[in-house]
Amino acid sequence: MTALGGELTVLAAGFVTRQLVFTGLVNGMVFGLVALGIVLVYRSTRVINFAVANLGLVGAGLFALLVVQWSVPFWMAAAIALFVGTAWGALVELTVIRRLFTAPRVIVLVATIGISGLSLAILLLYPEVDAPAARFPVAIGSVHEWAGIRATGPQLVIVVLVPLIVLALTGLLNHTTLGKTVKASADNPDLARLAGISPKLVSTAVWAIAGALATLSLSLLAGDTGSVGNLATLGPSTLVRALAAAVIAGMASFRRAFLAGIAIGVVEAVVRFNYLDAPGLMDFLVLIAVLVAVNWQSRQGAAETQTFSFTAKPRPIPERLRNVWWVRQIDRAGFVLMGLGAVLLPLVVTAPSRQLLYTSILAFALCALSLTVLTGWAGQLSLGQMAFAGIGAMLMATLSRGLNVDLSIGDLRLLKAGIQPLSFVTALALAVALTAVLATLIGASALRVRGLYLAVSTFAFGLAAQQYLYDRPLLNGGFNDSVPYRRTNVFGLVDLGSQQSIYYLTLALLVAAIVVIAHLRRTGVGRTTIAVRDNPDGAAAYTVSATQTKLRAFALAGGIAALGGALLAANLQAVPTSRYFTVADSLLLVAMVVIGGLGSVAGAVLGSIWVVGLPAFFPDNDIVPLLTSSVGLLVLLLYFPGGLVQIGHALRDAVVGWAAARHPADTTKAQRSVPVAPVRSERAALPAGVAALRTEGVVVRFGGI
């Protein structure tokens, strides 16, 4: 027994060393510092700030440029960079967040995604450093060793500086007037105004602090692990770990957020060292932690009360114009023209490369349509929707080539089974169904909370899929980066070998999905989903189950995304997970539905044409990428929150107004007909004792109310 205990001790010592714990402690402190910025913004504005990591790119990039390229003294450059980062945080609050101060929190969260992209764009606009492999400037460059622990200068700076910042920030918010005003404006903005507190000024101060924290965090992290050239790659992985720490802290406790960040850093250091052959395993573990934390927050009743109003609504057609045929059909005219154009396009442009591009636009429109259901109807924002599309595509490829499963432990065989290669239609249908189940499981963790927490879960899922799930042999079949797929036929009748045939198949399925979704919006499915989004308690009073309604939305959205992803893979004849189906594509999908019109079926199509089509149609134009990226997203959110659909409604209302001017009220058929009052007939009196009205068998039921 003693020998066994000693052996276990040796194994544990090899699995976890003091050096690993120290390295994880250093990285975890940075994660915790970023998490503090997330909690800080959430406590003051009730929005999860997805720009908190990239928000520091402006100051950190300038810091590296000043020291490395222009030889500015370190401490002077550090002061300038910290000031610029703080000013950048205040500037985005004044120009973006303040204009959306009363908007739904989901819309503000989408705006933070645009701010994140804009910060990255500013970093890319900086002059290039002559030595891209040069290390990021650090205050201490020496290496020290104590008690078998090797510590670099940047690590020592983190260990000393970060706890001081955390203590100062905690004291500032818990024991000062600023902290009290932040709590007051977050808990009850109206009451805070009566007390002389300006919630908008508080929001500006909080975003300025968040900008300073983000700049400092990225500078410390880049100094420890990265060179000047890879500064832009530190954002997503740092963000998802900081989000996990913030969710574990309930978006409220600074101390718990910081400690959770440290714990995540230590676990990551141990996992990365002991599982070198599974580089994405830590992202999968972070996903599990986020799902557990979000589910725990759900059980604590972490819900938000807010009003959703996503889709711009057109004005109703005046009653006197309903007899004018072309006015009555004006709402369908746009769809008819787009449909005719889509049918004729491959007949006019016969180049297979262009037809491949058009098919990709249609497939992305299907994926965007899934967000119309999930976000526009259910109010649940998904930042990993393209991961569901990728899973659906890989499942279709797996089922099409056949599957053999042989699981065993030593000589004990647990499972041996196989699936013969399936036809295109069968593989596609089964992949859609399985992905719908997976989407339901991911969404089930956020059943009791609103869309903001689901955004964290799906963002973590998207990163875990990109870094870990796509590499599982069950999905990729042993292929790296790109899984091949060969198109076959549809029921043996339609050969999918040509590019034109897959285009028309994708178009037909997109039209079918649009018709079904538009029909569901007018039925009880759409009405109950929106009712649960706007007023779950009121919907429950009418026996509408919020749980079943949300699960239905998760499943429907996941299935549509899988359909779009599978058709995109069939179009490319491969599943290129290194190019498509990434976290960046998921954020691009959000930009599509917002630019097109969140909650509108037409918006999904318009957004895909705008975001995917314009850069392909105008590859050499420098303005187009700005219109389709974060800049275009922010401009539409600020000035046209209804997206391109809102602009289309404005044009439609102008045409209806012109028609109303050409058809005055006194010249229409409805107004020329003069109603005639009915002549009341004389009735004989009823005999005595005869009832004028008798009822029998009347039953009144109130259902479940």
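The values are calculated or read from the model by the stated rules, or taken from the named source; none is laboratory data. All of these numbers come straight from a predicted model, not from anything done at the bench. Cβ coordinates were reconstructed from backbone atoms using ideal geometry, including for glycine residues, and neighbour counts include every protein chain displayed. When the accessible area is computed, the model is the full protein with side chains, heavy atoms only, and any ligands, DNA or RNA have been set aside. Shrake-Rupley method; radii C 1.70, N 1.55, O 1.52, S 1.80 Å.
Name the residue that is farthest from G56 (Cα to Cα), counting only residues in region 74-103 that are touching a residue at least 40 places away in the same chain (Cβ under 8 Å) and assigned to a loop (DSSP other than H, G, I, E, B). Step by step, filter region 74-103, then rank; the result is A103.
Residues of region 454-476 being more than 30 Å from L109 (Cα to Cα) and open to solvent by 40 Å² or more (accessible area, probe 1.4 Å), which ones? Matches in region 454-476: D471, R472, P473, L474.
All conditions in (1) in a helix (DSSP H, G or I); (2) open to solvent by less than 10 Å² (accessible area, probe 1.4 Å); (3) out of contact with any Pro (no Cβ under 8 Å at 6 or more places or on another chain) hold for A397, with the sole exception of (3). In a helix (DSSP H, G or I), open to solvent by 30 Å² or more (accessible area, probe 1.4 Å) and among the β-branched types (V, I, T): does that describe V106? So V106 fails the test.
Checking each residue in region 542-576 for being buried (at least 24 other Cβ atoms within 10 Å of the Cβ) and farther than 22 Å from G376 by Cβ picks out A566, A569, A570, N571, V575. Cβ-Cβ contacts under 9 Å between residues 6 or more apart (or on different chains), taken from a first residue in region 253-267 that is in a helix (DSSP H, G or I) to a second residue that is open to solvent by 50 Å² or more (accessible area, probe 1.4 Å) and not hydrophobic (A, V, I, L, M, F, W, C), are listed as F254/N174. P352 meets each of the listed conditions (1) open to solvent by 10 Å² or more (accessible area, probe 1.4 Å); (2) modelled with pLDDT of 90 or more apart from (2).
Is region 231-239 home to any residue that is at pLDDT 80 or above, within 28 Å of N295 (Cα to Cα) and either part of a helix (DSSP H, G or I) or not β-branched (V, I, T) (or both)?
yes
I need the full set of residues from region 240-253 which are open to solvent by 10 Å² or more (accessible area, probe 1.4 Å) and either at pLDDT 85 or above or hydrophobic (A, V, I, L, M, F, W, C) (or both), in order please. Correct list: I248, A252. Looking only at region 200-220, residues that are open to solvent by 10 Å² or more (accessible area, probe 1.4 Å) and not hydrophobic (A, V, I, L, M, F, W, C) come to 3 in all.
Wholly within region 466-552, which helices (runs of 4 or more DSSP H) include no fewer than the required count, namely at least 3 residues that are in contact (Cβ under 8 Å) with a residue 24 or more places away in the chain and farther than 18 Å from T375 by Cα? I'd like the intermediate steps shown before the answer.
Working: elements: 473-476, 499-522, 524-534, 536-541.
Helices (runs of 4 or more DSSP H) meeting the threshold: 473-476, 499-522.
Any residue that is of a type in the set (V, I, T), out of contact with any His (no Cβ under 8 Å at 6 or more places or on another chain), open to solvent by less than 70 Å² (accessible area, probe 1.4 Å) and part of a loop (DSSP other than H, G, I, E, B) - is there at least one of those in region 109-132? Yes: region 109-132 contains one or more residues that are of a type in the set (V, I, T), out of contact with any His (no Cβ under 8 Å at 6 or more places or on another chain), open to solvent by less than 70 Å² (accessible area, probe 1.4 Å) and part of a loop (DSSP other than H, G, I, E, B). Regarding L428, is this residue modelled with pLDDT of 90 or more, open to solvent by 10 Å² or more (accessible area, probe 1.4 Å) and farther than 21 Å from T549 by Cβ? Spelling it out, L428 is indeed modelled with pLDDT of 90 or more, open to solvent by 10 Å² or more (accessible area, probe 1.4 Å) and farther than 21 Å from T549 by Cβ. What about T458, is it within 24 Å of the chain's Cα centre (by Cα) and not hydrophobic (A, V, I, L, M, F, W, C)? So T458 passes the test.
Just wondering, is there one or more residues in region 588-603 that are assigned to a loop (DSSP other than H, G, I, E, B), at pLDDT below 85 and surrounded by fewer than 20 Cβ atoms within 10 Å (Cβ to Cβ)? The answer is no, given that none of the residues of region 588-603 is assigned to a loop (DSSP other than H, G, I, E, B), at pLDDT below 85 and surrounded by fewer than 20 Cβ atoms within 10 Å (Cβ to Cβ). On inspection, A64 passes the criterion of being modelled with pLDDT of 85 or more, out of contact with any Lys or Arg (no Cβ under 8 Å at 6 or more places or on another chain), open to solvent by less than 10 Å² (accessible area, probe 1.4 Å) and not in a loop (DSSP other than H, G, I, E, B).
Here the condition is being open to solvent by less than 60 Å² (accessible area, probe 1.4 Å) and either free of Cβ contacts under 8 Å to residues at least 12 places away in the same chain or aliphatic (A, V, I, L, M) (or both); of T181, T176, it holds for T176 alone. Would you mind stating whether T95 is at pLDDT 85 or above, open to solvent by 40 Å² or more (accessible area, probe 1.4 Å), more than 18 Å from the chain's Cα centre (by Cα) and of a type in the set (S, T, N, Q)? So T95 fits the description; yes.
The set of residues in region 272-295 that are surrounded by fewer than 18 Cβ atoms within 10 Å (Cβ to Cβ), in contact (Cβ under 8 Å) with a residue 12 or more places away in the chain and touching a Leu at 6+ places or on another chain (Cβ under 6 Å) contains only F273. Scanning region 618-660 for residues that are part of a helix (DSSP H, G or I) and out of contact with any helix residue (DSSP H, G or I) (no Cβ under 8 Å at 6 or more places or on another chain) yields V635, Y639, Q646, I647, H649, A650, L651, D653, A654, G657, W658.
In region 1-55, of all residues being within 21 Å of the chain's Cα centre (by Cα) and small (G, A, S), the one that is modelled with the lowest pLDDT corresponds to A53.
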